Amino acid sequence: MKKTTKILLSVAAVGLLAVGCATTSGTVSDESLSLRKAPVHTENVIKLQKVTYTKAAPGQAKTYERSYVNAPPLIPHSVEGLVPITKNNNACLGCHMPNVAASVHATPIPKSHFIDFRPSVEIIKNGKLIKKGKIVAKVNGGANDVYAEHMKKLYPGRYNCTQCHVVQANVKPLVGNNFKPDYINSLTTKKSNLANTFDQGVDTTK
(Lines give C-alpha, C1' and ligand atoms only; values in the text may rest on other atoms or scores of the structure.)
Protein backbone atom coordinates (compact mmCIF):
# COMPACT_ATOMS: atom_id res chain seq x y z
CA MET A 1 0.00 0.00 0.00
CA LYS A 2 1.38 3.38 -0.92
CA LYS A 3 2.44 5.76 1.83
CA THR A 4 -0.04 8.43 0.67
CA THR A 5 -2.94 5.98 0.89
CA LYS A 6 -1.96 4.94 4.41
CA ILE A 7 -1.86 8.57 5.52
CA LEU A 8 -5.33 9.24 4.08
CA LEU A 9 -6.79 6.19 5.79
CA SER A 10 -5.26 7.23 9.10
CA VAL A 11 -6.70 10.72 8.80
CA ALA A 12 -10.13 9.28 7.98
CA ALA A 13 -10.00 6.92 10.98
CA VAL A 14 -9.07 9.78 13.32
CA GLY A 15 -11.94 11.84 11.90
CA LEU A 16 -14.48 9.08 12.48
CA LEU A 17 -13.22 8.61 16.03
CA ALA A 18 -13.55 12.31 16.71
CA VAL A 19 -17.13 12.35 15.36
CA GLY A 20 -18.02 9.32 17.48
CA CYS A 21 -16.66 10.94 20.63
CA ALA A 22 -18.45 14.20 19.89
CA THR A 23 -21.74 12.36 19.34
CA THR A 24 -21.39 10.48 22.61
CA SER A 25 -20.52 13.55 24.65
CA GLY A 26 -23.27 15.62 23.01
CA THR A 27 -26.17 13.24 23.61
CA VAL A 28 -29.55 14.96 23.71
CA SER A 29 -31.92 13.83 26.43
CA ASP A 30 -35.65 13.26 25.96
CA GLU A 31 -36.42 15.97 28.46
CA SER A 32 -34.53 18.63 26.49
CA LEU A 33 -36.41 18.00 23.25
CA SER A 34 -39.71 19.56 24.32
CA LEU A 35 -40.66 23.01 25.55
CA ARG A 36 -42.19 21.53 28.69
CA LYS A 37 -38.89 19.76 29.59
CA ALA A 38 -40.48 16.34 30.11
CA PRO A 39 -39.99 12.85 28.64
CA VAL A 40 -41.43 12.55 25.16
CA HIS A 41 -42.46 8.89 25.51
CA THR A 42 -44.82 9.21 28.49
CA GLU A 43 -47.51 11.54 29.78
CA ASN A 44 -47.57 10.15 33.32
CA VAL A 45 -45.40 12.88 34.82
CA ILE A 46 -46.97 15.80 32.98
CA LYS A 47 -48.70 18.43 35.09
CA LEU A 48 -50.96 20.61 32.99
CA GLN A 49 -50.65 24.33 33.48
CA LYS A 50 -53.65 25.92 35.12
CA VAL A 51 -55.39 28.06 32.57
CA THR A 52 -57.86 30.86 33.24
CA TYR A 53 -59.84 32.48 30.49
CA THR A 54 -61.20 35.99 30.33
CA LYS A 55 -64.38 36.38 32.36
CA ALA A 56 -65.65 39.60 30.81
CA ALA A 57 -69.21 39.22 29.55
CA PRO A 58 -70.07 39.85 25.88
CA GLY A 59 -70.40 43.57 25.30
CA GLN A 60 -68.16 44.44 28.27
CA ALA A 61 -64.79 43.23 27.01
CA LYS A 62 -62.18 45.34 25.25
CA THR A 63 -61.51 44.10 21.72
CA TYR A 64 -58.03 43.14 20.52
CA GLU A 65 -56.19 44.45 17.49
CA ARG A 66 -56.05 41.87 14.72
CA SER A 67 -52.89 39.78 14.64
CA TYR A 68 -52.38 40.87 11.02
CA VAL A 69 -54.48 42.31 8.21
CA ASN A 70 -57.69 40.30 7.85
CA ALA A 71 -56.70 37.86 10.59
CA PRO A 72 -59.68 36.26 12.35
CA PRO A 73 -60.37 38.53 15.36
CA LEU A 74 -59.74 37.02 18.77
CA ILE A 75 -62.72 36.49 21.08
CA PRO A 76 -62.31 39.05 23.89
CA HIS A 77 -65.21 37.91 26.08
CA SER A 78 -66.17 34.79 28.01
CA VAL A 79 -67.75 31.99 25.96
CA GLU A 80 -69.31 30.26 28.94
CA GLY A 81 -72.74 29.04 27.89
CA LEU A 82 -72.09 29.99 24.25
CA VAL A 83 -70.21 26.91 23.11
CA PRO A 84 -70.13 24.30 21.75
CA ILE A 85 -71.59 25.36 18.43
CA THR A 86 -73.91 22.73 16.99
CA LYS A 87 -75.81 22.41 13.73
CA ASN A 88 -78.96 23.48 15.56
CA ASN A 89 -77.53 26.25 17.72
CA ASN A 90 -74.97 29.00 17.19
CA ALA A 91 -75.22 31.61 19.93
CA CYS A 92 -72.63 33.82 18.19
CA LEU A 93 -75.11 34.75 15.47
CA GLY A 94 -77.47 36.27 18.02
CA CYS A 95 -75.13 39.26 18.45
CA HIS A 96 -72.74 39.27 15.50
CA MET A 97 -75.07 39.13 12.51
CA PRO A 98 -74.77 42.48 10.67
CA ASN A 99 -78.41 43.42 11.21
CA VAL A 100 -78.00 43.03 15.00
CA ALA A 101 -74.37 43.84 15.80
CA ALA A 102 -74.63 47.63 15.85
CA SER A 103 -77.49 47.63 18.36
CA VAL A 104 -75.56 45.47 20.85
CA HIS A 105 -72.12 47.01 20.14
CA ALA A 106 -70.73 43.75 18.76
CA THR A 107 -68.30 43.20 15.89
CA PRO A 108 -70.41 42.44 12.81
CA ILE A 109 -69.71 39.37 10.71
CA PRO A 110 -67.82 40.71 7.65
CA LYS A 111 -68.98 40.58 4.05
CA SER A 112 -66.46 37.84 3.24
CA HIS A 113 -68.56 35.41 5.32
CA PHE A 114 -71.48 35.96 2.96
CA ILE A 115 -69.53 34.96 -0.15
CA ASP A 116 -69.23 31.52 -1.68
CA PHE A 117 -65.70 31.42 -3.05
CA ARG A 118 -66.26 27.97 -4.55
CA PRO A 119 -69.49 28.08 -6.57
CA SER A 120 -70.08 25.44 -9.21
CA VAL A 121 -68.58 26.71 -12.47
CA GLU A 122 -68.40 24.94 -15.83
CA ILE A 123 -66.14 25.83 -18.76
CA ILE A 124 -67.48 24.84 -22.15
CA LYS A 125 -65.44 24.27 -25.30
CA ASN A 126 -65.72 27.77 -26.75
CA GLY A 127 -64.16 29.27 -23.61
CA LYS A 128 -67.38 30.48 -22.00
CA LEU A 129 -68.01 30.06 -18.29
CA ILE A 130 -71.33 28.68 -17.11
CA LYS A 131 -72.53 29.36 -13.57
CA LYS A 132 -75.92 28.06 -12.45
CA GLY A 133 -76.87 27.39 -16.05
CA LYS A 134 -76.06 30.90 -17.28
CA ILE A 135 -73.14 32.15 -19.37
CA VAL A 136 -71.36 34.66 -17.13
CA ALA A 137 -68.10 35.36 -18.99
CA LYS A 138 -65.38 34.07 -21.23
CA VAL A 139 -62.15 32.62 -19.88
CA ASN A 140 -60.22 35.62 -21.18
CA GLY A 141 -62.98 38.10 -20.43
CA GLY A 142 -61.46 39.44 -17.21
CA ALA A 143 -64.59 38.96 -15.09
CA ASN A 144 -63.28 39.08 -11.52
CA ASP A 145 -66.50 37.85 -9.91
CA VAL A 146 -66.73 34.57 -11.83
CA TYR A 147 -65.59 32.38 -8.94
CA ALA A 148 -67.22 34.33 -6.10
CA GLU A 149 -70.95 34.30 -5.48
CA HIS A 150 -72.38 36.85 -3.05
CA MET A 151 -75.04 35.42 -0.77
CA LYS A 152 -77.83 36.88 1.37
CA LYS A 153 -77.24 34.33 4.12
CA LEU A 154 -74.14 33.17 5.97
CA TYR A 155 -72.00 30.84 3.89
CA PRO A 156 -72.17 27.36 5.52
CA GLY A 157 -68.37 27.06 5.56
CA ARG A 158 -68.26 30.02 7.96
CA TYR A 159 -70.85 28.67 10.40
CA ASN A 160 -68.41 27.06 12.85
CA CYS A 161 -67.02 30.28 14.34
CA THR A 162 -64.60 28.65 16.77
CA GLN A 163 -62.65 26.88 14.04
CA CYS A 164 -60.98 30.26 13.40
CA HIS A 165 -61.92 32.56 16.31
CA VAL A 166 -60.51 31.66 19.72
CA VAL A 167 -60.99 32.89 23.27
CA GLN A 168 -57.91 34.20 25.09
CA ALA A 169 -56.24 32.53 28.08
CA ASN A 170 -54.14 34.23 30.74
CA VAL A 171 -50.93 32.24 30.26
CA LYS A 172 -47.28 33.02 29.72
CA PRO A 173 -46.14 32.00 26.21
CA LEU A 174 -43.35 29.42 26.14
CA VAL A 175 -41.84 31.10 23.09
CA GLY A 176 -41.59 34.85 22.62
CA ASN A 177 -43.21 36.45 19.58
CA ASN A 178 -41.49 39.40 17.92
CA PHE A 179 -43.84 39.55 14.93
CA LYS A 180 -45.18 43.04 14.18
CA PRO A 181 -48.04 43.32 11.69
CA ASP A 182 -47.89 45.87 8.89
CA TYR A 183 -51.46 47.18 8.69
CA ILE A 184 -52.75 48.80 5.51
CA ASN A 185 -54.36 51.55 7.58
CA SER A 186 -55.80 52.07 11.06
CA LEU A 187 -59.16 50.57 10.06
CA THR A 188 -57.61 47.17 9.32
CA THR A 189 -56.52 46.81 12.96
CA LYS A 190 -60.17 46.21 13.84
CA LYS A 191 -62.06 45.48 10.63
CA SER A 192 -61.88 43.12 7.67
CA ASN A 193 -61.62 44.30 4.08
CA LEU A 194 -61.12 40.83 2.61
CA ALA A 195 -64.31 40.93 0.56
CA ASN A 196 -62.95 43.91 -1.35
CA THR A 197 -59.35 42.75 -1.72
CA PHE A 198 -59.35 38.95 -2.00
CA ASP A 199 -58.71 39.07 -5.75
CA GLN A 200 -56.07 41.78 -5.78
CA GLY A 201 -53.17 40.75 -7.99
CA VAL A 202 -54.94 37.55 -9.03
CA ASP A 203 -56.34 36.70 -12.43
CA THR A 204 -59.47 34.88 -11.32
CA THR A 205 -60.31 33.79 -14.85
CA LYS A 206 -57.49 31.21 -14.89
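Residues of segment 64-111 being within 22 Å of Ala169 (Cα to Cα) and of a type in the set (Lys, Arg), which ones?
Across segment 64-111, the qualifying residue is only Arg66.
What residue, of Leu74, Leu48, Leu35, is loosely packed, with under 10 Cβ neighbours inside 10 Å and under 26 Å from Lys180 (Cα atoms)?
That would be Leu35, the only listed residue that is loosely packed, with under 10 Cβ neighbours inside 10 Å and under 26 Å from Lys180 (Cα atoms).
In segment 165-186, which residue that is over 18 Å from Val51 (Cβ atoms) and hydrophobic (A, V, I, L, M, F, W, C) is modelled with the highest pLDDT?
Phe179
Does Ala101 qualify as being closer than 30 Å to Ser186 by Cα, in a loop (DSSP other than H, G, I, E, B) and among the aliphatic types (A, V, I, L, M)?
no
Only one residue in Ile109, Ile115, Ile135 is surrounded by 11 or more Cβ atoms within 10 Å (Cβ to Cβ) and at pLDDT 95 or above. Which one?
Ile109
Count, please, the residues in segment 152-178 that happen to be touching a residue at least 60 places away in the same chain (Cβ under 8 Å) and outside any helix (DSSP H, G or I).
13
What are the residues in segment 179-195 that are in a helix (DSSP H, G or I) and either of a type in the set (A, V, I, L, M) or outside the structural domain of Pro58 (by TED's automatic domain parsing) (or both), if any?
Listed by number, the residues that qualify are Leu187, Leu194, Ala195.
The values are calculated or read from the model by the stated rules, or taken from the named source; none is laboratory data. This structure is a prediction, so every number in the text was calculated from the model and none was measured. Ideal geometry is used to build each Cβ from the backbone, glycine not excepted, and the neighbour counts take in all protein chains shown.
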